[in-house]
Each structure stands twice: as structure tokens, then as C-alpha cells.
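Written below as C-alpha cells is the structure these notes are about.
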Amino acid sequence: MGAHRTGSPLPFPERNRGIPQRPSSMPFHRYARNSPKPTAGWLRNWPDQALDRAPIWASVDLRDGNQALAEPMDPGRKKRMFELLVATGFKDIEIGYPAASADDFDFVRELVTKDEIPDDVRISVFTPARPELIELTFEAIHGADRATVHLCHATACLWREVVFGLSRQEVLRMAVEGARQLVRLAERAPGTDIRFEYSPETFNLTEPEFALEIANTVTETVGATPDRPLVLNLPTTVESHSPNVFADQVEWMHRNLDRRESVVLSVHPHNDRGTAVASAELALMAGADRVEGTLFGNGERTGNVCLVTLALNLFSQGVDPQLELSGIDAARAVVEECNRLPVHPRHPYVGELVYTAFSGTHQDAIAKGLAALSDRAEREGREVAELPWQVPYLPIDPKDVGRDYQAIIRVNSQSGKSGIAYVLKAGWGIDLPTDLRRDFATVVQNATEALGRELEPGEIWQLLQANYCLDHSLAAPADADEQRADEQRADEQRADEQRVVAEHTTAHGVVFTQVVVVGTAPAAGEPQACFAALDAGGRTVWGIGLAATAADAAHRACRSALRRASVRRGEL
């Protein structure tokens, strides 16, 4: 709703014929920002790109995530988090900030000295650009087979002037001196394959030309080559602009770095504006190779980018995410235990409610989509899991991440007949006729409104039985002649059912407009169900019977309908 299209007769507010919105009392004038845009005169290419492969995934759960916790992880929780990251498939794991605390230092030493780092995993350790802290960081990784030392300091104008009191040249000198120290200390550790990472913290708020200058200088100082590249990590330390601005910044760096072939271009989005995932995706389109983030987005303030969401976004587009997320609930349980923070029930892909529909229209579409998929699988003689996933309102098959279909549809006062019918079919194998669905939906809605909450599947089943299954007697047996006649018929079960319905029609002088017998699932308690619709003076009254045989089910359904219509023998 910002800029209006060329040729539009009037800006949006003047074209709006609705009720005008009133100005707020909020001091928005305090937040006018200048975007640190790259030099003019270049054309962006990222909008025309598509994501067709997974980036290099780098977890910072044990560093950036841990330092954001009110209760930082103890060694046991850190170990469980590390094991989860390894099992999930991360090959690049930042395991701590060893100069920050004795706990972090000791955890790094434990992993190194006890040989608990897999051969195919490269650990990373974080350090500010302070000589004594860099020295301590190298002590922490002494004896490791391979490690990355991550040098980080702020570069944006506000931080230079307010936090450090330094000029651009002084910040540049800080970066060079820190990089030189990395090289010197790495040369003293010949038994360890040490690589380097450099983060111009607050990159997204730094003048692009200065960010490029400092990045090129550090790349040259550490002697980066294609065989030993520098990880150049570009953070949105405080997300302050829309994702397209960050994409422009990343692409400009990608196209102007002096030694691009010697750089792994990484991004580290934060979520202050709620757009970290979008920022990461657009940055990858703009040329980034690597993404730093956390499982489910834990991090300072509003968090880091969620790597699970990014990975499953790729998965939902037919791209291998190269992370193992097929048991997503187990992963969530470990993360919640380690962070002592709950994952939001609406968190993409993993939240308790993300595959659940309460709305009647959504439930109807999902139920029909699942039925269509099942029908296609049966026609083609294939498993549903082998077919392309096409179900309304569900971007992926919940089973692909270890969920089931049981909680896809839940019932409250907003639910419709299709959702209620789906719950009954999924749980008890009972497929209600269309007209009975409408009838029972009213019963369910009245119950949910009276209770003020949703109904559990078992409560829906009990409600169905209490309202429609009002008879448990057995049908009278057919006489010998009828039995012999029935034995000659091809469909004996259908004949018994028809006989029972005919007896009740004659005995009570009524008309049953619809009688349907179906099989059930074991949970129903009886193998046969019958639905009987009675015409009670222009009003349709339903009854349901559950029994071992079709005849007894029909008998019970008819008697239940008669009782619900208050019909006595011979009367309507």
C-alpha cells in the first residue's frame, strides 16, 4: 500500500471509499530511517533467481541461542543440544563463546579432549576482536582436529560513535589486528585445521562501501584462497529494514568482493521485524552460500532465523533440505528441554496447531483433499506416500515430519459438518450420510457453545451415541421359510436389513426414506453400523444402530429413529 502504480488516478487513501482510519498518537516520526543502500547505478538480479538447493547450514544454538537464555544451558543440556544438531545433520556447529564464561570454555574443552566431535563435523568458536579474548579462544580449541575461529565486531556508524568512540579507520585497524592475531595463533597450532570466519556485526546498518572495504581487507589479511576460504558472515544484527533491502546489500557484496572465489558468503538474520526467514531466503537468492541460525528461532530479543522453517520451506518446494527433520516432535522436545522455552503452537511446521483446522470450510477442503489422494492411490495401486502431495490448506504431508492425521481436524463452535464427519471416520470408521452430517453438526455446535471449548474426538463419539443410538435390542429372527428364501439370495445381508426395515414400517405405519448399512473400525465396538432416516410428518429424524450383524444394526437404527420421533406402535 506504499507507492501507487504509475497511471493510477489517485493514491490509495483518496481512492478508499471505506471508513477512514484515524491517525495514531504514536511518535512514528522518531523512526524515520535511511536505508544503507549500495551505490547507485547497478541492477539487482536476485528477484529473478529461484532456490534450488540447500545452503550450508550453520547452527549457533550453543552460542547465540544460549547467550539469549534467561537460564543458560548447563553442560548436560549443552551436550544434548550438540547431539541433536549432529543427528539432524549439521556439519558446521558453533559450540560456544569460550572467553565469555568458564562454563563455555569448559564445554569446548570437554568436547575436544573427550573426542566427542564427529569426524565430519567442523566446530566453531566465537570471539570479539580483543587480543586477550582471542588468545583464550585458541586455548579452548587446543588439540581439536578441525575448528573455525569466528572473529566479530560491530562496524555500523551508531556503534562506532556511541559504543566504541572510534572512527572508521580505527575500526578497520581493529579488524586487521584481530585477523593478524588469528593467523599468528593458527600457525602455532599445526595439528589443527583452523579456518576463519569474520562478521562485521551490524552489517545491515553499515555503509556498504565501508563494509566492502573492511571485508576485502580481512579476506586479504587472513590469506583466504579457494581451498581455504574465509567465511564472511553478514548479520542483520538488529533487523531494521525490509528483506529486499538486505537482499540488495548481500548481492552488492557478492558482486563486488575482490576474492569472491575465496569467500563463503554467509548471512546471520535476526527477527526484530518478524521477517528473518524472508531475509535469509532473499539473501540466498542474492548470492549467499551459508545461513547461520537456530532450531526454531531462539536468539536475542525476537530471535535468530529458524533453520527448521528455512529447511522445510525448501522441502515444501521439492528441494532436499539436507537436514533430517522426519521426527520433528522429538527434535522440538529436546530443544524445549535444553532452552527451557516452549515452541509456539503456531510455529511453522512444528507447532502443535500448524496442521490443525477448526474452520468448517477448511475442514471440508482438507477432508476432500485427503479422500481424493486416497482414492487416487487405490486406483493406481500405489501408496499415498508415493504420490505428489496436493491437499488444500496443508503445504506438506504431516507424516513426512513424523506427525499423523489424527489432529488435523479438531472440532469447536467454528467447525462444520465435514470436519465432524472426518473425525468420526478417522477414529471409528463411520462415514455419516450427508444429511445426517448436517443434523449432527447442529448437535455438536450446541455442545461446544454450551461448554465454551473444543470437543475431543472421544466426546464427539459419545455425543453421537447419546443422541442417535437409543436402542440396543436384537431383531426378531426370520421364520424358517424366510431363512430358506434368504439363503437363495445373492445378498443375504441386504435382505435381512430390508426385512427388518419393512417390519418396522408395517408395524408403525411410517416411512424410512433412507437406510444405509456400513462397516466400522474396531474402535466402534461393533462391526456394522446402520443409519436410518424416518419421515416424521415432513421432518427427518435419524437413528443409528451398531451391532454384530446388518439386521441387528438396522433394527436398532429404526427403533432409535422411532424413539427420537416419539413414535409409538401404530402411530406417527
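Values in this text are rule-based calculations from the coordinates and carry no lab data. Here the structure is a predicted model, which is why all the values come from computation and not from measurement. Heads up, the Cβs are rebuilt from the backbone with ideal geometry, glycines too, and the neighbour counts pull from every protein chain shown.
Please compute the Kirkwood hydrodynamic radius over the chain, one decimal place, Å, based on all pairs of different Cα atoms.
Kirkwood hydrodynamic radius for the chain: 28.7 Å.
So if we plug the beta-carbon distance of residue 91 and residue 563 into 1/(1 + (r/R0)^6) with R0 = 60 Å, what FRET efficiency do we get, rounded to 0.05?
With a Förster radius of 60 Å, E is 0.30.
Whole-Hz ³J(HN,Hα) for each residue in the stretch 508-519, computed from phi via Karplus 6.51 cos²θ - 1.76 cosθ + 1.60 with θ = phi - 60°, x for glycine and proline: what do you get?
Coupling constants for the stretch 508-519: 10, x, 10, 10, 9, 7, 8, 9, 10, 10, 9, x Hz.
Quick one: P(r) of the stretch 10-107 from all Cα-Cα pairs, 10 Å bins, percents rounded to integers, in order of increasing distance.
11, 22, 15, 22, 20, 9, 1
Test of understanding: ordering 254, 472 by Cβ neighbours within 10 Å, fewest first, what list do you get?
472, 254
Under 8 Å for C-alpha pairs, at least 6 residues apart: give me the relative contact order for the stretch 360-467, rounded to a whole percent.
27
With a Förster radius of 22 Å, plug the Cβ-Cβ distance of residue 45 and residue 258 into 1/(1 + (r/R0)^6) and report the FRET value to the nearest 0.05.
Efficiency, rounded to the nearest 0.05: 0.65.
Any chance you could check the Cα centroid distance between the stretch 338-362 and the stretch 215-293 for me, in angstrom?
Distance between centres, Cα-based: 31 Å.
Which entries of 37/91; 91/114; 79/399 have Cα-Cα distances beyond 25 Å here?
37/91; 79/399
Could you check what % of the DSSP bridge pairs in the chain are antiparallel, to the nearest 5?
Expressed as a percentage, antiparallel bridges in the chain total about 35.
When you count, for each residue, the other Cβ atoms within 10 Å and take the mean per peptide, how do 452-459, 238-245 rank with the highest first?
So the peptides 452-459, 238-245, ranked by packing, come out 238-245, 452-459.
Taking every pair of Cα atoms in the stretch 64-120, average 1/r, invert it to obtain the Kirkwood radius, and report Rg/Rh to two decimals.
Looking at the stretch 64-120, the ratio lands at 0.94.
May I ask you to derive the FRET efficiency for residue 548 and residue 462 from their Cβ-Cβ distance with R0 = 22 Å, giving the value to the nearest 0.05?
0.55
For the stretch 360-467, place one equal point scatterer on every Cα, skip the solvent, and apply the Debye formula. What is log10 of I(q)/I(0) at q = 0.11, 0.13, 0.18 Å⁻¹?
-0.36, -0.50, -0.89
Sort 26, 81, 174 so the one with the fewest other Cβ atoms within 10 Å of its own Cβ comes first.
26, 174, 81
Give the whole-number value, in cubic angstrom per residue, of the convex hull volume spanned by the C-alpha atoms of the stretch 45-339.
Expressed per residue, the convex hull around the Cα atoms of the stretch 45-339 is 123 Å³.
How much net charge surrounds residue 174 when only other residues with a Cβ under 13 Å from its Cβ are counted (Lys, Arg +1; Asp, Glu -1)?
Residues near residue 174 contribute +2 overall.
Per-residue ellipticity at 222 nm for the chain, helices alone: DSSP H runs ≥ 4 residues times -39500 (n - 2.57), over residue total, nearest 500 deg cm²/dmol?
Computed ellipticity for the chain at 222 nm equals -12500 deg cm²/dmol.
Hey, any idea what the orientation-averaged projected area of the convex hull of the stretch 222-375's Cα atoms comes to, in nm²?
12.2
Going by C-beta contacts inside 10 Å, put 267, 60 in order with the fewest on the left.
The order, fewest Cβ neighbours first, is 60, 267.
Given a cut-off of under 8 Å on Cα pairs at least six residues apart, what relative contact order in percent is computed for the chain?
Relative contact order, the chain: 10 percent.
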